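The next block holds one structure in the form of structure tokens; read it before the comments.
Every number here is computed from the coordinates shown, using simple stated rules; none is lab data. Because the structure is a prediction, the values reported are computed rather than measured. Because the Cβ atoms are built from the backbone with ideal geometry, glycine has one as well, and the counts that use them run over all protein chains shown.
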Ligand SMILES: NC(=O)c1ccc[n+]([C@@H]2O[C@H](COP(=O)([O-])OP(=O)(O)OC[C@H]3O[C@@H](n4cnc5c(N)ncnc54)[C@H](OP(=O)(O)O)[C@@H]3O)[C@@H](O)[C@H]2O)c1
């Protein structure tokens, strides 16, 4: 497994990170047992994964903490806490105070069974929430960092609602963030010009989510999504084969599956540090780690993807 330095954190981590949220939550969303999820984490570790992402809201912190207990010093744990009062809209403005936020981080530490979290993020922030976060919650995170409870400060966007990255475009004008998490995939690659280049200039580490998500893990949904983008005029319909819009990726010399193409596309994007993969399935984990460790897609295919999808900003692929 290749490794990468995560921006100014200086942490050297695997280029593939295990995402413990999304639609799978280590298989917990499909009713898998805790033991099955622990085995999945151990399989990732055995394959060389050293970066693990979770969050309070995923319900996987305890499982991850237990699975990594004996290997704590060898891995990097990323976790998060939302910014609004529980029971209120995640998109609203019933914010936690800095003091309330710091108290909640004690819960993250406890569930993970650790006395420090390597990267701690404000979770799922929208553009209209950013100024409050920078003014009130960032100082709370800095105090936690000073106390040694968290090591680096991160920020994640709400890609489903912010498909054009308005929040991170604003945030990356500031020097505050050690790491950011952004949505990026070959259907909406707009983070390329809007997030990744600014992050590189700031030496801010980047975590890629939504490489595959629902659309690119289910060919029928992917096909419909592409045809809809053509019908809406967001992609040039003349560039799409209506009967087989993504089949050009599935040639023996290119990729075996859409998921393989999707992870390889992200892995070789300049400025993309860690590619998160979320799954509850060991065979999928093995396939995905193989894809993330494989070489880039051919340049002509990357050009074709850029030509078709280069201007898409309206969908996340969720
Ligand atoms: N705002 C935020 O902070 C935020 C938001 C979203 C996600 N995240 C983080 O980003 C991580 C990555 O996002 P994600 O979990 O949605 O990951 P993803 O890797 O883009 O997509 C995972 C989905 O694809 C399926 N899948 C994975 N590999 C497959 C394969 N080889 N064949 C067929 N289907 C496959 C999974 O189902 P199976 O279980 O069946 O494999 C799952 O439904 C999350 O786990 C979470 O840690 C953060």
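Annotations for the structure displayed:
- Only residues that are assigned to a helix (DSSP H, G or I) and within 21 Å of the chain's Cα centre (by Cα) were counted across segment 284-301, and they come to 10.
- Options 225, 239, 305: the member that is farther than 29 Å from residue 172 by Cα, more than 16 Å from the ligand (Cβ to nearest atom) and touching a residue at least 12 places away in the same chain (Cβ under 8 Å): 239
- Residue 264 buried (at least 21 other Cβ atoms within 10 Å of the Cβ), within 16 Å of the ligand (Cβ to nearest atom) and free of Cβ contacts under 8 Å to residues at least 60 places away in the same chain: yes
- Restricting 176, 128 to residues that are more than 14 Å from the ligand (Cβ to nearest atom) and under 16 Å from residue 7 (Cα atoms) narrows the list to 176.
- Yes/no for residue 122 being touching a residue at least 12 places away in the same chain (Cβ under 8 Å), more than 22 Å from residue 165 (Cα to Cα) and buried (at least 19 other Cβ atoms within 10 Å of the Cβ): no
- In the set 280, 299, 230, 295, only one residue is surrounded by fewer than 22 Cβ atoms within 10 Å (Cβ to Cβ), within 11 Å of the ligand (Cβ to nearest atom) and on the phi < 0 side of the Ramachandran plot; that residue is 280.
- Qualifying residue in segment 127-146 (condition: out of contact with any strand residue (DSSP E or B) (no Cβ under 8 Å at 6 or more places or on another chain), more than 30 Å from residue 309 (Cα to Cα) and surrounded by 16 or more Cβ atoms within 10 Å (Cβ to Cβ)): yes
- All positions within segment 193-219 that are closer than 21 Å to residue 283 by Cα and assigned to a helix (DSSP H, G or I): 215, 216, 217, 219
- Screening 255, 272 for residues that are without any contact (Cβ under 8 Å) to a residue 60 or more places away in the chain and not in a helix (DSSP H, G or I) leaves exactly one candidate, 255.
- Within segment 47-75, tally of residues that are more than 11 Å from residue 21 (Cβ to Cβ) and surrounded by fewer than 20 Cβ atoms within 10 Å (Cβ to Cβ): 10
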